[in-house]
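The values are calculated or read from the model by the stated rules, or taken from the named source; none is laboratory data. Every value quoted in this text rests on a predicted model; they were computed, and no experiment measured them. A quick note on method: Cβ atoms are made from the backbone with ideal geometry, for glycine too, and the neighbour counts reach across all protein chains shown.
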Amino acid sequence: MSERLVILGSKGGPAIRPGGPSPTSSLIEIGGRRIVIDCGLGVSRGLVEAGMALNQLDIILITHLHSDHVLELGPLLHTAWTSGLNAPVVVFGPVGTKAVWDGFVASLSYDIDLRIDDEGRPDIRDLVTISEIGEGVVIKEGGLKIEALRVEHPPVTECYALRVSHQGRVVVFSADTAYFQPLSGFARDADILVHEAMHPDGVDRLVARTGNGERLKAHLLASHTMAADVGRIATDAGVGQLVLNHLVPADDPAIAEIHWTEQVRTTWDGQLTISHDGLELPLPNSNQQQRKSA
């Protein structure tokens with residue numbers, strides 16, 4: 001299995017528009033594990049187009065319960081099940097994740113029971129385990145370690161950045177957050193930092209297009225990180241590569257890659273990638289990482 005990071009959905013927020021990107025989800029394949037981070041609308045299609053068989057689902061991580069991060073959790077698992085999933089899947093997420101899954105299963109009980117009886121499928125309710133998390137170590141097994149850090153995404157209190165490491169390779173996901181200095185320590189020396197980003201010139205236009213006026217604008221400014229501040233986090237952390245993701249706005253034709261780059265270059269001079277749906281980045285192999293650490 002190739003070791004890679006794939007950005008399946010690069011957009012911040014739940015709305016989708018013609019020709020635009022999908023809400024947030026990512027895939028990291030590392031140490032023989034397939035880890036999905038967040039399940040925004042389009043994650044199932046994104047995984048298939050990235051070449052991953054859905055019946056190979058392994059671990060799912062949910063950073064928080066805003067709909068653009070969890071809306072397709074149930075449908076992804078169900079679609080994997082109808083694609084032949086017959087091995088356990090573990091879902092890690094904040095308090096409330098089990099209620100999301102239980103509600104989905106209840107809503108599809110007719111279909112689930114019918115397919116078990118008519119098609120001989122295993123009971124999906126026995127295959128999926130939900131583990132609700134807080135700060136600290138989420139999982140540590142077989143050389144894989146996943147850690148969580150609570151970040152600031154008001155009014156959501158249970159929102160977690162994630163650090164995925166294996167044999168010295170480290171990928172950190174910021175989740176949704178306001179500028180949060182402790183992230184620089186959490187992401188220290190990561191090979192890749194995937195951090196949400198907001199562009200200051202697009203906020204007013206986004207609010208005008210979406211509606212809700214000043215209340216939406218106040219939420220955006222209080223709960224997300226401007227691109228220049230993302231660069232500060234990356235610089236302080238000393239990461240190898242910065243990937244801007246969960247872009248707000250992601251589908252404004254007046255804000256192109258060059259405009260994101262201009263913002264970040266005021267505070268970060270290292271390797272920079274602006275996400276788009278389907279972006280695939282290779283992970284360093286363990287031998288490269290060992291030489292780097294020597």
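Counting only strands (runs of 3 or more DSSP E) wholly contained in region 1-103, the ones carrying 3 or more residues that are within 27 Å of Trp260 (Cα to Cα) occupy 4-9, 25-30. The residues of region 260-294 that are buried (at least 17 other Cβ atoms within 10 Å of the Cβ), at pLDDT below 95 and more than 12 Å from Leu5 (Cα to Cα) amount to a single one, Gln289.
Among the residues of region 15-40, the ones that are over 17 Å from Leu77 (Cα atoms), surrounded by fewer than 24 Cβ atoms within 10 Å (Cβ to Cβ) and either free of Cβ contacts under 8 Å to residues at least 40 places away in the same chain or not polar (S, T, N, Q) (or both) come to 11 in all. Look at (1) loosely packed, with under 14 Cβ neighbours inside 10 Å; (2) of a type in the set (Asp, Glu); (3) closer than 25 Å to Pro21 by Cα and you find that Glu196 fails only one, number (1). Among the residues examined, Val43 qualifies as closer than 23 Å to Val171 by Cα and buried (at least 17 other Cβ atoms within 10 Å of the Cβ). Cβ-Cβ contacts under 8 Å between residues 6 or more apart (or on different chains), taken from a first residue in region 246-262 that is polar (S, T, N, Q) to a second residue that is at pLDDT 95 or above, are listed as Thr261/Leu272; Thr261/Ile274. For region 242-254, the criterion of being out of contact with any Lys or Arg (no Cβ under 9 Å at 6 or more places or on another chain) and loosely packed, with under 15 Cβ neighbours inside 10 Å is satisfied by at least one residue. Within region 46-66, if we keep just the residues that are under 27 Å from Pro284 (Cβ atoms) and among the polar types (S, T, N, Q), the residue that is surrounded by the fewest Cβ atoms within 10 Å (Cβ to Cβ) turns out to be Gln56. Out of curiosity, is Leu162 crowded, with 17+ Cβ neighbours inside 10 Å, at pLDDT 95 or above, in a strand (DSSP E or B) and in contact with a helix residue (DSSP H, G or I) (Cβ under 8 Å, 6 or more places away or on another chain)? So Leu162 fails the test.
Could you look through region 73-112, keep only residues that are in contact with a Leu (Cβ under 8 Å, 6 or more places away or on another chain) and either without any contact (Cβ under 8 Å) to a residue 24 or more places away in the chain or β-branched (Val, Ile, Thr) (or both), and pick out the one that is farthest from Glu132 (Cα to Cα)? Only one residue tops the list, namely Thr79. Taking the conditions (1) free of Cβ contacts under 8 Å to residues at least 24 places away in the same chain; (2) buried (at least 19 other Cβ atoms within 10 Å of the Cβ); (3) not acidic (Asp, Glu) in turn, Gly202 satisfies each one other than (1).
Whenever a residue of region 142-163 is closer than 15 Å to His66 by Cβ and touching a residue at least 60 places away in the same chain (Cβ under 8 Å), its partners that are surrounded by 23 or more Cβ atoms within 10 Å (Cβ to Cβ) and charged (D, E, K, R), lying with C-beta atoms within less than 9 angstrom and at least six residues away or across chains, give the pairs His153/Asp176; Val156/Asp176; Cys159/Asp176.
Of all residues in region 188-214, those that are under 16 Å from the mean Cα position of the chain (by Cα) and among the charged types (D, E, K, R) total 1. Can you find even one residue in region 234-253 that is in contact with a Phe, Trp or Tyr (Cβ under 6 Å, 6 or more places away or on another chain) and either part of a helix (DSSP H, G or I) or among the small types (Gly, Ala, Ser) (or both)? Yes, some residue in region 234-253 is in contact with a Phe, Trp or Tyr (Cβ under 6 Å, 6 or more places away or on another chain) and either part of a helix (DSSP H, G or I) or among the small types (Gly, Ala, Ser) (or both). Pairing residues of region 44-69 that are touching a residue at least 40 places away in the same chain (Cβ under 8 Å) and more than 19 Å from Ser2 (Cα to Cα) with residues that are part of a loop (DSSP other than H, G, I, E, B) and among the polar types (S, T, N, Q), at Cβ distances under 6 Å and at least 6 apart in sequence or on separate chains, gives Asp68/Thr24; His69/Thr24; His69/Thr63.
The selection criterion, being of a type in the set (A, V, I, L, M, F, W, C), crowded, with 20+ Cβ neighbours inside 10 Å and over 30 Å from Leu221 (Cα atoms), holds for Ala80.
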